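Input: a single structure, listed below in structure tokens.
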Amino acid sequence: MPSLRAALLLPAALVVLSALTPAQAGGGGPRPAPAATCRDGYVRPDFTALKAQLARARAQWNAGRPASYTYDLRQIAAPVLFPETRVTVMGGRVTRTDLLPGQEGEPNHLAPQTIEARFDDLFQTLQRQSRAACPDVQLSFDPAFGYPTRVYSGMGDNGIADGFGEWTIRNFTPLK
């Protein structure tokens with residue numbers, strides 16, 4: 001029958017050994033990182049094509065962008081659906097945000113961005129997502145002005161259902 005001291009030391013030794021890398025424990029080189037499991041049917045986005053699409057849309061926007069405009073923003077940062085918000089930009093600066101009719105609470109605190117700032121955020125999103133294991137990105141742009149109309153960014157893995165982000169711009173109106 002093992003002594004009490006041995007019975008107490010054995011679990012502690014196992015904890016220490018489990019914290020060691022395989023090389024430290026005498027088991028060879030480092031363990032490979034577990035591969036991310038993408039959902040069935042997953043297709044990785046073509047980030048070269050998405051970046052080219054973004055660059056074309058930004059060039060189109062820059063060629064004819066109005067200095068003053070309004071747009072309505074619907075945004076989800078799962079699991080949160082923010083109140084739909086109208087953004088007003090005057091002279092290239094956000095001057096106000098207002099709740100759309102039928103919405104409750106405060107205007108979306110993530111809404112006050114110019115279209116230029118949204119393009120910058122999209123570029124950063126593509127950079128970040130291109131390094132992810134199972135990224136899911138979808139972009140749409142207005143055919144007349146080039147501003148983004150819909151952005152979806154999430155993960156195509158078998159993980160949790162929340163954690164994605166999506167926003168849409170509707171009712172874009174140039175101001176005089």
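The values are calculated or read from the model by the stated rules, or taken from the named source; none is laboratory data. Treat the numbers as computed from the prediction; the structure is a model and nothing was measured. For neighbour counting, all protein chains shown are included, and Cβ atoms are generated from backbone atoms with ideal geometry for every residue, glycine included. Heads up: the accessible areas ignore ligands, DNA and RNA and are worked out on the full protein's heavy atoms, side chains in. Shrake-Rupley method; radii C 1.70, N 1.55, O 1.52, S 1.80 Å.
With the whole protein complex present, residue 110 retains an accessible surface near 70 Å², based on a 1.4 Å probe.
Share of carbon and sulfur in the accessible area of the range 62-154 stands at 49%, probe radius 1.4 Å. List the trypsin sites (Lys or Arg not before Pro) in the range 32-93 that DSSP assigns to loop (not H, G, I, E or B) and whose Cβ has at most 16 other Cβ atoms within 10 Å. Which are they? When the trypsin sites (Lys or Arg not before Pro) of the range 32-93 are filtered for loop state and at most 16 Cβ neighbours within 10 Å, 39 remain. 3J(HN,Hα) along the range 85-92, derived from phi through the Karplus expression 6.51 cos²θ - 1.76 cosθ + 1.60 where θ = phi - 60°, amounts to 9, 8, 10, 10, 10, 10, x, x Hz, with x in place of Gly and Pro. Taken one residue at a time, the phi angles of the range 116-123 give Karplus couplings (6.51, -1.76, 1.60, θ = phi - 60°) of 4, 5, 5, 4, 4, 4, 4, 4 Hz. Gly and Pro are set to x. Under 5 Å from the amide H of residue 172 lie the amide H atoms of 72, each residue being 5 or more positions distant or on a separate chain, with H modelled from the backbone and absent for Pro and chain starts.
Full extension of the chain between residue 78 and residue 116 yields a length gain of 11.3 nm, computed as 0.36 nm times the residue separation minus the alpha carbon distance. The relative contact order of the range 92-176 comes to 18 percent, based on Cα pairs under 8 Å that sit 6 or more residues apart.
When the alpha carbon gyration tensor of the range 34-94 is reduced to an equivalent ellipsoid, the three semi-axes, largest first, read 32, 21, 8 Å. Evaluated at q = 0.15, 0.23 Å⁻¹, a Debye calculation over the C-alpha positions of the range 101-155 (equal weights, vacuum) places log10 I(q)/I(0) at -0.56, -0.99.
Taking a Cβ cut-off of under 11 Å around residue 136, the surrounding Lys, Arg, Asp and Glu residues balance to a net charge of 0, with basic ones at +1 and acidic ones at -1. Each residue of the range 55-61 is assigned a 3J(HN,Hα), and the resulting list reads 5, 5, 5, 5, 5, 4, 4 Hz, derived from the Karplus form 6.51 cos²θ - 1.76 cosθ + 1.60 (θ = phi - 60°), x at Gly and Pro. In loop segments of the range 50-126 as defined by DSSP, the GluC sites (Glu not before Pro) with at most 14 further C-beta atoms inside 10 Å of their C-beta are 104. A simple count of charges around residue 87, restricted to other residues whose Cβ falls under 12 Å of its Cβ and scoring Lys, Arg +1 and Asp, Glu -1, yields +3.
Only alpha carbons enter this Debye calculation for the range 76-175, each as an equal point scatterer, and the log10 of I(q)/I(0) it gives at q = 0.10, 0.12, 0.21 Å⁻¹ is -0.31, -0.45, -1.21. In this structure, residue 176 and residue 39 have a Cβ-Cβ separation that, at R0 = 41 Å, corresponds to a calculated FRET efficiency of about 0.30.
Oblate is the label for the range 42-134, because a/c, from the alpha-carbon gyration tensor with a ≥ b ≥ c as root eigenvalues, is 1.5 or above and a/b does not exceed b/c.
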